[in-house]
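The values are calculated or read from the model by the stated rules, or taken from the named source; none is laboratory data. All values derive from a computational prediction rather than experimental measurement. Here Cβ is always computed from backbone atoms with ideal geometry, including for glycine, and neighbour counts include all displayed protein chains.
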Amino acid sequence: MKQSGRGIRVKMISVTAAAVLGVSALGACGSSGSGENAVSVEVEGKYKASDFEQLDISSDTTKWICAAYAIYTKYNDKSLSAIGGLEGDDREWYRDSIKEELSGGWGIKGRKDVERVVNKLLAKGHKEEYAKTIQELKKKKLLDLSTEEAMANLPDDEDLSRYQVAHEAYQKYGEHGIDGWDYCRALQILGDCYQAEYINLEECLDMSLPIAEKLQSTYESWEGVAESYLYGFSFWKEELPDDYESQERWDTYEELKTMQASPYEVDYNTKLENTWKDGAEKKKAAAEQDKKEGYVPVKCGESSVVKVRLPEEYVWDSENESDIGTERFSIYNDMGFSDVDISYNLESLRENPNAAESAEEWALLQEESAKENVKEGDTQESSGIQTRQVGEFEVHYLIQKKTDAEYQQLRLKGEAWAEIDGKYLLKCEYRESVELGQETRGSMDGSMWDTLYGDIKW
């Protein structure tokens with residue numbers, strides 16, 4: 001990003017709880033006028049939770065909506081793939097704090113406030129003050145000049161930063177220089193209100209869709225959306241794009257563009273449509289189809305899933321179905337005891353780009369701990385870190401083999417991990433125990449991973 005001209009003093013403003021918890025504390029600014037083809041939202045009736053979760057209706061449209069306010073989400077260290085940026089236990093954990101910040105920052109204390117505040121932001125917001133500033137620059141005949149030249153023709157007053165940001169934004173995006181700031185915040189507020197349980201997921205998406213369509217039609221790319229948002233932030237803060245707080249958000253944007261499984265990977269020109277209609281029915285149908293085909297979903301929060309299918313002898317522990325990404329299977333012997341225990345765990349590479357490195361470190365730690373705990377009469381063998389090609393997946397693993405003299409048992413313990421579509425890391429833990437003299441199903445060559453990673457869809 002090129003920055004021009006003169007700067008102003010960096011304003012050191014303390015970060016509020018809103019920045020930490022992911023709820024905007026930016027108040028809606030406005031005056032008269034609604035703008036061309038303005039969108040609005042409407043909230044009716046009483047709150048009732050949706051009969052489905054984001055995972056059940058996930059689509060490019062929901063991904064697009066999340067991507068629209070990804071800078072805000074990433075800056076506040078929240079989940080980039082979740083509507084409102086929170087999933088799992090975090091939703092309940094932060095709900096009261098979100099309500100407090102919605103109340104203090106926006107005056108939103110319930111359902112009808114959602115409609116009032118969002119509509120004011122859509123109709124007015126900061127884009128109206130921006131329009132006034134552009135008119136001032138037009139009257140001063142400065143819009144035909146470069147930003148540097150225009151600023152040199154302005155008195156060195158308190159409005160210099162506002163004029164400069166507006167001028168830069170106008171040079172790139174004309175009358176819509178900071179519209180993205182208002183539209184993205186509107187989407188983010190709706191996500192926060194969903195997390196606060198002022199509106200349900202279906203209502204949130206119903207209201208988000210026309211806003212997303214307006215945003216999409218206003219700019220030509222994710223770059224336009226992001227930069228208009230960033231210019232809007234600087235305009236509101238009355239600082240230059242390379243001043244402290246603005247630069248932090250530009251840096252966040254640059255990180256988002258280059259990160260693994262970037263939210264901007266979703267096609268900007270995606271046809272935005274209601275993919276959540278009849279969400280409960282879709283959820284039920286998908287579950288029935290998975291059950292019929294024998295696939296078990298391994299979840300990562302509320303927005304991502306990988307499905308695994310194992311031979312019938314592997315019994316799924318369905319009573320302990322997990323929302324946090326862990327699923328367990330066992331093979332039972334004739335006595336009703338499990339000889340083999342398997343667990344899957346799914347991580348998002350977008351949320352944790354170093355998940356593979358962490359998995360390897362954990363495997364090596366397990367190996368070192370096992371060596372330290374070898375007793376007299378026991379034997380301990382390790383495969384070390386190995387890689388095995390299973391279909392399209394590179395499965396990395398470490399297997400340990402131990403004979404336990406005290407309990408007369410032979411034990412295999414394996415840790416494996418594989419990237420799925422560059423988006424997920426599917427980890428598998430293998431445990432097997434048999435009496436000494438018996439053959440194990442698994443082996444040190446890692447052949448059991450052919451089964452455990454052999455039938456996966458996402």
- Residue among SER348, SER343, SER318 that is under 24 Å from SER262 (Cα atoms) and under 31 Å from the mean Cα position of the chain (by Cα): SER348
- Query: Among the residues of the range 175-192, is any charged (D, E, K, R) and surrounded by fewer than 19 Cβ atoms within 10 Å (Cβ to Cβ)?
  - Reply: yes
- Message: Can you say whether SER103 is surrounded by 15 or more Cβ atoms within 10 Å (Cβ to Cβ) and small (Gly, Ala, Ser), as far as the supplied structure shows?
- Response: yes
- Item | Entirely in the range 31-119, the helices (runs of 4 or more DSSP H) that have 3 or more residues that are more than 21 Å from LYS257 (Cβ to Cβ) | 89-93, 95-106
- Query: If we scan the range 368-379, do we find a residue that is modelled with pLDDT under 95, surrounded by fewer than 16 Cβ atoms within 10 Å (Cβ to Cβ) and among the β-branched types (Val, Ile, Thr)?
  - Reply: yes
- Note on the structure: If we ask which residues in the range 301-336 are touching a Ser or Thr at 6+ places or on another chain (Cβ under 7 Å) and at pLDDT below 80, their number turns out to be 3
- Those residues of the range 347-377 which are outside any loop (DSSP other than H, G, I, E, B) and free of Cβ contacts under 8 Å to residues at least 24 places away in the same chain, in sequence order: GLU357, SER358, GLU361, LEU365, GLU368, SER369, LYS371, GLU372
- The lone exception for TYR244 - which of (1) in contact with a His (Cβ under 7 Å, 6 or more places away or on another chain); (2) more than 22 Å from CYS204 (Cβ to Cβ) it fails: (1)
- Evaluate the range 230-238: report whether one residue or more is surrounded by fewer than 24 Cβ atoms within 10 Å (Cβ to Cβ) and within 24 Å of VAL43 (Cα to Cα). no
- Item | Which listed residue, of ARG350, ARG328, is in contact with an Asp or Glu (Cβ under 6 Å, 6 or more places away or on another chain) and in the same structural domain as LYS401 (by TED's automatic domain parsing) | ARG328
